[in-house]
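The values are calculated or read from the model by the stated rules, or taken from the named source; none is laboratory data. Computed from a predicted structure; not experimentally measured. Please note: Cβ atoms are built from the backbone with ideal geometry, for glycine as well, and neighbour counts cover all protein chains shown.
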Amino acid sequence: MGAVTSTMAAKFAFFPPTPPSYQVVMDEASGKLMMMDVGTRENVDVLKLDTKRGNRVVAVYIKNPAASLTVLYSHGNAADLGQMFDLFNELSLHLRVNLMGYDYSGYGQSSGKPTEQNTYADIEAAYRCLEERYGVKEEDIILYGQSVGSGPTLDLATRLMNLRAVVLHSPIASGLRVIYPVKRTYWFDIYKNVDKIPMVNCPVLVIHGTADDVVDWSHGKQLWDLCKEKYEPLWVKGGNHCDLELYPQYIKHLKKFVSAIERSPNLRNGTGPVTDQLENPRKSTDCRETCGPNMDQKGNFRQIIEQREKPRISTDCREKSRTSTDRREKSRKSVDRPEKENHVSDQPEKARNSIDRFGGMIRSVGLCNIDCFKPATKAL
């Protein structure tokens, strides 16, 4: 049964960038692996990890000397490590964390084919590397899953009882639910996050755009409602599936979350929402302050958008999402989405890049992890 679902997933769920955005070579002088075409950094290790399913996946480990926590990041559907590299470095810097990112089997320079079961083995290999090679303890790890990456993230989180925290970025409730608002879980569904998240025993932060036209906001809302240990969510008003990193409140809220996790290692009390103990929790998602653009970086912002869209011509979320829009509208009626809901961030001016130098960082990275399971509307 599992093999059938994995085969189904491979047919319509995975879209690795073709060709890969990087190459892995051996530096003859140092004997270390290097990623070509993305630059080199002294604090970055490039690794090849063997999985229990016989594949070898590429990973990067970014060291921050000020870090006490480590983020294990599972990226979205239409990206690879080369496109995520700059973002990973900036997250490590601004959040003061070590960060490991990895490519799924069949992505980038990782061997094998992308399947649901392979992604579970891929994240296990990355986690095992953190423990065995870098001595990272389970209780010092934050799992971060973006879009399709929420699948392997939650699968691993259900099996780690001492995990520090989880971040879900534009997550899916399940693969089938992206296509159609079904009320129950079927055997052939993939990434059954809606069934797994109640088994996660650590604080969970959910980030989702209210205007997401690929994975509807109701997915993030449903998953947050089912969390045992809730952290104040970030609903980015007007945010889509591909652009949340460009909103100032994205990095501000992540920094607040990591800071709260660092200060409060025993947040797990099972009694309700986990919030920043030192500040009014409602303010953590209230971004009513002016978020105007840094005029010197306005050109960079335009360049970011252009570079994100060019490699995604075949997976443009606006074109391919039209076929399932009507179906998703039905599911939205069942979710309470009042404008005055105090979890939703007001954002008068969209996608500005003036907060804490963060906006200037993604000059060459492709962040558009789009389309998820869109082609399935045709296949089904």
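Return the only residue of TYR144, TYR191 being in contact with a strand residue (DSSP E or B) (Cβ under 6 Å, 6 or more places away or on another chain), under 28 Å from LEU47 (Cβ atoms) and aromatic (Phe, Trp, Tyr). The conditions single out TYR144.
For the stretch 122-137, the condition holds for no residue, the condition being that it is surrounded by fewer than 24 Cβ atoms within 10 Å (Cβ to Cβ) and more than 20 Å from LEU47 (Cα to Cα). Comparison of ARG184, ARG128, ARG177 shows that the only residue that is closer than 22 Å to MET84 by Cβ and charged (D, E, K, R) is ARG128.
Looking at the stretch 230-244, is at least one residue part of a helix (DSSP H, G or I) and surrounded by fewer than 23 Cβ atoms within 10 Å (Cβ to Cβ)? Explain how you work it out, then say what you get.
We begin by selecting, within the stretch 230-244, every residue part of a helix (DSSP H, G or I); these are 244.
With surrounded by fewer than 23 Cβ atoms within 10 Å (Cβ to Cβ) added as a condition, the list becomes 244.
Yes - at least one qualifying residue is present in the stretch 230-244.
Just to be sure I understand, how many residues within the stretch 140-185 are closer than 22 Å to GLU229 by Cβ and more than 20 Å from the chain's Cα centre (by Cα)? Number of matching residues: 2. ALA78 fulfils the conditions (1) without any contact (Cβ under 8 Å) to a residue 60 or more places away in the chain; (2) under 26 Å from PHE188 (Cβ atoms); (3) of a type in the set (A, V, I, L, M, F, W, C) except for a single criterion, (1). Of all residues in the stretch 162-174, those that are on the phi > 0 side of the Ramachandran plot have Cβ atoms under 8 Å from Cβ atoms of residues that are surrounded by 24 or more Cβ atoms within 10 Å (Cβ to Cβ) and of a type in the set (D, E, K, R), 6 or more apart or on another chain, in SER170/ASP212. Among the numbered conditions (1) over 23 Å from THR115 (Cα atoms); (2) modelled with pLDDT under 90, the only one that THR185 does not meet is (1). Here GLY112 meets the list (1) modelled with pLDDT of 95 or more; (2) surrounded by fewer than 24 Cβ atoms within 10 Å (Cβ to Cβ); (3) out of contact with any Gly (no Cβ under 8 Å at 6 or more places or on another chain) almost entirely, failing just condition (3). When restricted to residues that are surrounded by fewer than 17 Cβ atoms within 10 Å (Cβ to Cβ) and assigned to a helix (DSSP H, G or I), the stretch 174-183 contains 0. When SER105 is tested against (1) within 14 Å of the chain's Cα centre (by Cα); (2) small (Gly, Ala, Ser); (3) at pLDDT 95 or above, just one condition goes unmet, and that condition is (1).
Kindly indicate the residue of the stretch 70-109 that is part of a loop (DSSP other than H, G, I, E, B) and of a type in the set (D, E, K, R) and also surrounded by the fewest Cβ atoms within 10 Å (Cβ to Cβ) among those meeting that condition.
Within the stretch 70-109, the first condition is being part of a loop (DSSP other than H, G, I, E, B), and the residues that meet it are 75-80, 96-97, 103-109.
Of the ones still in play, those that are also of a type in the set (D, E, K, R) are 80, 96, 103.
Details: ASP80: 24, ARG96: 17, ASP103: 25.
Among them, the one singled out is ARG96.
Hey, could you check the stretch 184-216 for residues that are touching a residue at least 60 places away in the same chain (Cβ under 8 Å) and closer than 25 Å to ILE261 by Cα and say which is surrounded by the fewest Cβ atoms within 10 Å (Cβ to Cβ)? Filtering first and then ranking leaves ASN201.
Just so you know, in the stretch 140-159 the residues that are among the aliphatic types (A, V, I, L, M) and part of a strand (DSSP E or B) include one that is surrounded by the fewest Cβ atoms within 10 Å (Cβ to Cβ), and it is ILE142.
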